[in-house]
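Undergrad: Right, I'll just put the structure down here and ask away after.
The values are calculated or read from the model by the stated rules, or taken from the named source; none is laboratory data. Nothing here was measured: the structure is a model prediction, and the numbers come from that model. Methodologically, a virtual Cβ is constructed for each residue, glycine included, from the backbone with ideal geometry; neighbour enumeration extends over all protein chains shown. Just so you know, the surface numbers come from the protein's heavy atoms only, side chains and all, with ligands and any DNA or RNA stripped out. Shrake-Rupley method; radii C 1.70, N 1.55, O 1.52, S 1.80 Å.
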Amino acid sequence: MFQWFHRLASLKNFYRLAEIITPWLTVICAGLLAVGLYRGLVVAPTDYEQGESYRIIYVHVPSAWMSMFIYMVIAFCSAIYLIWKMKLADIVAQVSAPMGAAFTFLALSTGSLWGKPMWGTWWEWDARLTSELILLFLYIGYMALRNALDSPAAGAKAAAILALVGVVNIPIIHYSVEWWNTLHQPASITKFDTPSIHISMLIPLLLMALGFKLFYLVNMLSKTRSVILEREASTSWVRSRLQENKL
Amino acid sequence: MIKSFIAVLRRDLLVAARRRSDWLNPLVFYVIVVTLFPLGIGPDGDLLRQIAPGVLWVAALLATLLAIEGLFRSDYDDGSLEQLVLSGQPLTVLVLAKVLAHWLITGLPLLLLSPLMAIILQLNLTSIPALLASLLLGTLTLSLIGAIGAALTVSLRRGGVLLALLILPLFIPVLIFGSSAVIAAEGGFAVEGQLSLLGALCLLAVAFAPLAIAASLRIIWE
Amino acid sequence: MNNLLLQVSDLALFRGERCLFSGLSFSLESGQVLQLHGENGSGKTSLIRALCTLLPIEQGEIAWRGNLLPAARDQYLSEMCYVGHSEAIKADLSPRENLAFTATLLNASDATVNSAVERVGLTGQNDLPCRHLSAGQRRRVALARLLISEATLWLLDEPLTALDGHGRKLVEQLIGEHANAGGAVIFTTHQPLTVNAIEILSLNLDALQSANDGSGGASP
């Protein structure tokens, strides 16, 4: 087990592995997104309460899930990097952060777009939207800290510590915001809650969620590959591949 | 270990006693920020009373942010920080002493000044105990969380804005529970719930923040 | 008396992507004094900082009394004293207050503070805030840390900075006494430094960089 872990951790091996699986993942991802969008936008029935506007959940909800998921990935990688000094984990965390921020932004903007027909306002201080906004701040802070420090090694470790501090705080922030929300808006509108979603609406949602995950994975792998090349530019395997023109 | 804790505490208090601007400026900042709100909103007493809990808490939070930036700055500049790390004493204990000293220098005066600020904002006198209790627990937590950010950004010449970006989101739970304690007191409700949540946050911060601070300090010379 | 204290093997240091030097191996016994040579940017300061554990080591090993470093860090720190470019003293505190703080942190007795202050020649300035001292006097306060620490290994980065002739003599005497008492010293300086009756070993980082064959280093 540990040996396997170690071999994967070698940047060269990871590069090869990523190179092989990326095309397959891309095809599956495109398929999932296409089917999910078709079933979500065309096949799924119109909501009797919200009309057509609810269909934005097929982008909004997967983005919101991804925004949390990627922060967890970053925190997990940060822990691995700090404990085992595994460089691959640091690279994955590094390239994941902008994508996480992008998904967070997507979740926020689609939430806002959805809010207009729902609440009649572009911004509602809803607990989930507010948490999402704070998560965006956390992402921005993470990326800013990494870029601010002169030494890349110090930047990587500082960002990793910040990610771990953030991941401890996220549940607390989430809980406090929810508490604040119920306090100030007793019995508030809980339209983001979808307690009983019809199966024909749920399936496209799950397809989209899976598609988003693969989309992240494909992008993460390709960005990781370019960072590996950058960091390993002076090593022999990169040079020989460069000569063979096989990058 | 206890001896070194006391030694750090004593040294930082001694230095602060001889450098008044370090602890006086954030206090003045606090007073000015609170004063700005009536000027920006208007002297309507009812409105001020309504927003007073939030204003007092946001101002306290910003003053803490302003003050915490210098927590490790001078130690970093003069090389003391290296020697603290190399002293062989547990770094978590040393940083806890530094944060406590910092809180005594900046947090405690802010606490003592806040009844005055509450009166300026027309807050009911009966809410002042809740304000003090929430600020006592809250500013301690803020200092501990802020110290993590201060440690992460100490090697940057202009770390101030970045520090705000890093730690203000982490301050949000304290702000929510703290101001809602004062709001509850204003409405004549019990504040035990909010205060116990603040206490829990404070305990969590005491337990975990020193670890993060020490880890952040060890990497700044890389 | 000649017991092995510090062992460095196959050490390489990087500043960012740039390799400062690689393949550095040397060992230091008690009673030995080692001077690091090299041009600006050759990695003298980085090496000293790596030796005092402030810089992490990515390649190579450092052992203290035969125990590898990250594991033996606590023991090593208690037997090592580092005086770097910055004095690590608080300008608002007097030398006595600064050194009393140092003594508490290093688990030394307060009595050592007075004798150390006397030894570095600051008795008269003992209660003046350090901001009123000259650069050379502040350097002396920093050097007093060595005496208080009672460490075996001294790591000195440019200890002669800002010191006058007497100050330099003082450093030479301190190093000599320390080596005779069984301690060891590693230092860098751009000024000539001679210690009575003790041969100063030398390690040239420039040679290491150009040769770079992995066999470099001073192995006394």
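Undergrad: Identify all aspartates and glutamates with a Cα-Cα distance to A:Lys116 below 18 Å; exclude those on the same chain that are fewer than 8 residues away in sequence.
TA: Straight-distance partners of A:Lys116: A:Asp47, A:Glu49, A:Glu52, A:Glu124, A:Asp126, A:Glu132, A:Asp193.
Undergrad: Below 26 Å, Cα to Cα, which lysines can B:Lys3 reach? Residues fewer than 8 away in the same chain don't count.
TA: B:Lys3 reaches B:Lys98, C:Lys90.
Undergrad: Keeping every protein chain in place, order A:Arg239, B:Arg18 by accessible area at 1.4 Å, biggest value first, i.e. largest first.
TA: A:Arg239, B:Arg18
Undergrad: Taking every pair of distinct Cα atoms and averaging 1/r, then inverting, what Kirkwood hydrodynamic radius in Å comes out for the stretch B:2-220?
TA: 17.7 Å
Undergrad: Expressed as a whole percent, how much of the Cα-Cα distance distribution for chain A exceeds 32 Å?
TA: Pairs farther apart than 32 Å: 31 percent.
Undergrad: Once phi is turned into ³J(HN,Hα) by the Karplus curve 6.51 cos²θ - 1.76 cosθ + 1.60 with θ = phi - 60°, what whole-Hz value does each residue of the stretch B:198-206 show in order, with x for glycine and proline?
TA: Karplus values, whole Hz, x for Gly and Pro: 4, x, 5, 4, 5, 5, 4, 5, 4.
Undergrad: If the reach is capped at under 21 angstrom between alpha carbons, list the lysines near A:Lys157, excluding any in the same chain fewer than eight residues apart.
TA: Straight-line reach from A:Lys157, under 21 Å: A:Lys85, A:Lys87, A:Lys223.
Undergrad: Here is a further query. Across the residues of A:170-179, average count of Cβ atoms on other protein chains within 10 Å?
TA: Mean partner shielding for this stretch: 4.
Undergrad: Additional query: With a 1.4 Å probe on protein heavy atoms only, work out how much accessible surface B and A bury together, total over both chains, in Å² to the nearest 100.
TA: Roughly 2200 Å².
Undergrad: Moving on. Kyte-Doolittle cut-off 0.5, length cut-off 15 Å along the helix's own axis using Cα: show which whole DSSP H helices in chain A pass.
TA: Going by DSSP H runs, the hits are A:11-38, A:57-84, A:87-119, A:127-148, A:152-184, A:199-231.
Undergrad: So for each of B:62-69, A:168-175 I average, over its residues, the number of other beta carbons within 10 Å; can you give me the resulting order with the highest mean first?
TA: With the highest mean Cβ count within 10 Å placed first, the list reads B:62-69, A:168-175.
Undergrad: Restricting to DSSP H runs of at least four residues, report the calculated mean residue ellipticity at 222 nm for the protein assembly as shown, -39500 (n - 2.57) per run over all residues, nearest 500 deg cm²/dmol.
TA: Counting only the DSSP helices, I get -22000 deg cm²/dmol.
Undergrad: Spin-label point model (7 Å from Cα, Cβ direction): what's the B:Ile51 to A:Val27 distance in nm?
TA: 6.1 nm
Undergrad: So how far, in whole Å, is the C-alpha centre of the stretch C:85-140 from the one of the stretch B:1-71?
TA: Computed from Cα coordinates, the inter-centre distance equals 33 Å.
Undergrad: Now for a different question. How many times 2.2 N^0.38 Å is the alpha carbon radius of gyration of the protein assembly as shown?
TA: Relative to the rule-of-thumb radius for its length, the protein assembly as shown sits at 1.13.
Undergrad: Oh, and also: For peptide B:155-168, how many partner chain Cβ atoms fall within 10 Å of a residue's Cβ, on average?
TA: Mean partner shielding for this stretch: 4.
Undergrad: Across every pair of different alpha-carbon atoms, what Kirkwood hydrodynamic radius in Å does chain C reach?
TA: 17.9 Å
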